[in-house]
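Note sheet for the following structure.
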Amino acid sequence: MELGETLLVSAAAIGASWLRMGIALTISIIFSLAVGILAGTNKRAERLIIPLLDILQSIPILGFFPLALYGFYSLIPFLGAELASIFLIFTSQVWNMTFAVYESTRVIGSELLESARSMRLTVLDRMRYIYVPASMPRLLQNLQPSWSNGIFFLVGSEILTFGRADITLFGLGSLISDFVEAGDTRAVLTLLTLLVVAAVLTNLLVFNPLTGLTERRRSKGRGQVGSHPSPPARGIVGWISLRSGVQVMSKIPHPNIELHKAIAGITRRVSTHWSLLRGLVFFALTALVSVAAISRTADLGQVLNDLAVALLEIGPLNLLMATLYSLLRVTAGVLASIAWSLPVALLIFRSRRGSAAVTTAFQIAASIPVTILYPVISSVLPSADELRALVLVLMATQWYVFFQVLGGLRNIPPEELEIAEMYRLSYLDRLRYLYLWRAMPALVTGCVVAAGGAWNALVIAERIVLGNIREEVSAPGLGKLLSIMVEKGDLYSIIIIVLVMAAVIVGLNRGLWKRLYDLVVSRLRTEDVKEHGYA
Amino acid sequence: MLEAESGGGMAPEAIISAKNISHSYRTRRGGVLEVIRDISLDVRYGEFLGIVGSSGSGKTTLLKILAGLIKPDKGVVLYKNKPLDGPTPSISLVFQLPALFPWLTVLENVMLALRSVDKLSNDEMINRSRAFLDMVGLSGFESAYPGELSGGMKQRAVLARALVTNPDVLLMDEPFSSVDPLTAVSLRREVDMMRLSETIPPSSVVLVSHNVEEIVELSDRVIVLTSRPARIAGELEIPMQRPRDRRSGEFYDYVDKIFTLMS
């Protein structure tokens with residue numbers, strides 16, 4: 001292809017994908033406001049919605065995808081594929097936003113609500129003047145991470161292979177696959193460059209102004225659980241690196257922080273096991289009904305029977321081994337992320353300019369869909385399949401850990417740094433008595449998100465399908481299994497694998513991460529007031 | 001004590017001497033905010049110096065410059081006639097908010113100050129820290145975490161940490177403004193008593209505050225700052241007897257004088 005032609009096609013593809021993501025984001029905003037406000041204001045709804053969202057967000061997105069495709073296809077045949085693709089992107093964007101709205105609504109001061117009641121505001125007026133404005137700051141903060149998350153799954157959502165159904169939608173993801181398949185390196189690079197430019201421009205022109213919009217109106221602390229310390233004073237650094245760098249990083253929490261706050265909040269009040277059980281049961285029932293609807297059998301017994309058959313076909317031992325191997329890969333990915341993130345973050349966090357530059361560079365790197373890099377990785381590491389998988393998992397996880405830790409370190413209250421300086425603590429002492437303590441909650445949060453991202457990435461990392469290319473790890477893995485079943489179009493096996501994966505993720509979240517987080521935070525919580533510093 | 005330490009010279013000698021200090025901050029929008037303009041002052045041996053100015057007048061910045069935490073844009077700070085080029089254990093600073101590390105016990109927080117002072121053994125560090133916690137009335141709370149203490153107790157712990165290095169100069173940045181009024185009264189009294197005791201360092205104390213009564217109650221000498229940018233509006237000696245009666249006419253004369261200088 002000519003360069004001009006490549007450029008044109010690439011730009012058009014990015015446009016198409018951007019449009020899809022824009023539509024998905026708009027739906028996400030509406031959904032998050034509706035569901036988030038409902039959960040935040042209605043106790044009964046809260047008890048149902050929050051555990052359910054917790055389970056839904058932990059399901060690997062690509063697991064949704066055959067279900068979605070089947071559903072939309074049977075509903076509206078001519079638009080089905082397009083709708084399924086948008087739905088998939090939507091599921092990668094919506095959860096953190098919903099949790100953000102929920103948390104914001106929940107912490108609205110009671111004096112505000114009481115005055116609303118005394119003024120006899122209607123539900124609509126309350127939405128307009130209280131709930132929506134209260135949710136806006138954090139909702140807007142979450143748009144950008146949601147967008148990035150959407151890009152990550154774009155490739156998977158545009159090439160819909162399910163059994164015999166093989167639909168390709170025109171867009172970034174499908175074009176990349178085409179180029180890769182054709183072995184056109186120049187075209188891949190062209191598209192990549194355009195993509196980076198588009199990602200940076202979108203951040204600069206859309207998300208940064210949007211995030212900045214609410215900055216002025218935000219009152220200090222009131223009604224803001226997660227009010228962040230004001231962004232650091234700015235020096236004479238390039239405006240691009242500044243705006244997209246430190247500013248965004250210090251203000252925008254990663255999606256799962258919202259999730260974590262919300263979950264931590266509800267589990268404090270609602271009995272964990274019961275709500276979780278209720279969520280799982282509800283989810284299983286919904287899955288069952290939708291499967292019945294999709295496969296057009298009214299007989300639920302038949303569906304159950306088919307599921308049991310599928311389970312036996314995969315084999316429980318097989319499932320167990322696959323889970324263990326996948327767990328090992330996820331652990332390795334998270335540990336490797338910590339291994340480089342912590343030292344690098346410690347190295348640069350004191351320097352405003354250094355942080356801004358590194359953050360900008362990493363944000364650009366993080367905006368590249370990991371799947372694009374697969375051919376490169378594949379050619380560099382042709383025979384090391386596990387290493388290849390690890391690299392892919394790492395790419396999907398490392399940024400979460402890094403940005404979290406850097407953010408945590410940069411939010412160290414200035415007086416604590418001054419005390420360390422005043423008493424001339426050695427670097428080792430600073431590390432031991434200050435830096436590591438302040439980095440810890442962020443590190444744990446980063447690990448939670450990273451682990452979640454790793455499970456999601458496994459579907460790609462353990463077995464990649466790009467055009468006619470099939471590359472997989474030789475050892476078992478849940479992601480590999482899921483990918484194979486998706487290609488086969490084996491609906492029942494998919495459901496079983498997705499259920500296992502979701503159960504493992506939810507189990508780890510509650511059993512390991514939440515406990516670890518509470519342990520760390522309990523030592524720090526004691527003096528939260530100090531975070532605001534003084535003039 | 002004041003006479004004994006003043007050396008041979010006629011004028012009382014300065015332990016810290018700030019010469020022509022100016023400092024500005026860059027604002028978020030790229031502007032420049034001048035907070036201190038050409039301030040020269042001496043902290044004399046053995047005195048209690050009060051620095052008073054309205055809120056946001058750069059008092060905290062000035063104090064951090066005297067502590068060596070901030071390097072001023074212009075001017076120098078001399079400590080015992082030598083340029084001060086960074087924080088030193090000989091000059092301790094008490095912050096406005098009781099800044100203690102929440103993950104360390106009270107004892108560990110105090111011990112932190114000793115870690116890089118001299119080669120003390122762990123036992124010596126513990127003993128010395130305990131002694132100072134005793135002094136500020138926190139014996140029995142050594143193993144408590146800061147989050148379990150009241151505001152006043154935290155400020156006492158901070159005081160113990162500031163004094164445990166045996167500093168020559170203690171700098172205090174509105175240390176009583178973050179505690180409730182009653183606690184502030186007793187804390188002030190204790191600081192005043194501590195000054196009268198010969199055995200306890202420091203030789204000089206600098207108190208920064210916007211609370212004029214507080215300044216008059218405690219200071220031997222007061223320096224009044226203008227509002228931003230801070231310059232010296234005037235100086236006042238207060239040779240009143242201690243403890244000072246806030247309701248006496250003499251006390252109010254001084255308060256009035258300071259208010260006149262401030263406006």
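The values are calculated or read from the model by the stated rules, or taken from the named source; none is laboratory data. Note that the structure is a prediction, hence the values are computed from the model and not measured. All Cβ positions, glycine included, derive from the backbone under ideal geometry; neighbour counts span all protein chains shown.
For segment B:130-141, indicate whether the set of residues that are away from chain A (no Cβ under 11 Å) and touching a residue at least 60 places away in the same chain (Cβ under 8 Å) is non-empty.
Yes, segment B:130-141 contains a residue that is away from chain A (no Cβ under 11 Å) and touching a residue at least 60 places away in the same chain (Cβ under 8 Å).
Can you go through B:PHE101, B:PHE95, B:PHE176 and tell me which one is among the aromatic types (Phe, Trp, Tyr), within 30 Å of B:GLY56 (Cα to Cα) and more than 14 Å from chain A (Cβ to nearest Cβ)?
B:PHE176
So which of A:THR202, A:THR190 is more than 28 Å from A:TYR131 (Cα to Cα) and either at pLDDT below 80 or not basic (Lys, Arg) (or both)?
A:THR190
Under 6 Å by Cβ, and 6 or more places apart or on different chains, what pairs join a residue from segment B:26-50 that is within 14 Å of chain A (Cβ to nearest Cβ) with one that is outside any strand (DSSP E or B) and modelled with pLDDT of 85 or more?
From segment B:26-50, the pairs are B:VAL35/B:THR61.
Would you mention how many residues in segment B:21-80 are assigned to a strand (DSSP E or B), touching an Asp or Glu at 6+ places or on another chain (Cβ under 6 Å) and among the aromatic types (Phe, Trp, Tyr)?
Within segment B:21-80, residues that are assigned to a strand (DSSP E or B), touching an Asp or Glu at 6+ places or on another chain (Cβ under 6 Å) and among the aromatic types (Phe, Trp, Tyr) number 1.
Given the criterion within 15 Å of B:ILE232 (Cα to Cα), within 11 Å of chain A (Cβ to nearest Cβ) and either crowded, with 23+ Cβ neighbours inside 10 Å or touching a Leu at 6+ places or on another chain (Cβ under 6 Å) (or both), identify the matching residue among B:GLY53, B:GLY58.
That would be B:GLY58, the only listed residue that is within 15 Å of B:ILE232 (Cα to Cα), within 11 Å of chain A (Cβ to nearest Cβ) and either crowded, with 23+ Cβ neighbours inside 10 Å or touching a Leu at 6+ places or on another chain (Cβ under 6 Å) (or both).
For segment A:325-353, how many residues are exposed (fewer than 14 other Cβ atoms within 10 Å of the Cβ) and either over 12 Å from A:VAL393 (Cβ atoms) or of a type in the set (Asp, Glu) (or both)?
Selection size over segment A:325-353: 6.
I need the helices (runs of 4 or more DSSP H) fully contained in segment B:94-181, keeping only those with at least 1 residues that are more than 20 Å from the chain's Cα centre (by Cα) and either among the hydrophobic types (A, V, I, L, M, F, W, C) or surrounded by 21 or more Cβ atoms within 10 Å (Cβ to Cβ) (or both).
B:106-112, B:122-135
Being without any contact (Cβ under 8 Å) to a residue 24 or more places away in the chain, within 14 Å of chain A (Cβ to nearest Cβ) and among the acidic types (Asp, Glu): is that true of B:GLU124 here?
no
Being of a type in the set (Asp, Glu), free of Cβ contacts under 8 Å to residues at least 24 places away in the same chain and farther than 28 Å from B:MET240 by Cβ: is that true of B:ASP85 here?
Yes.
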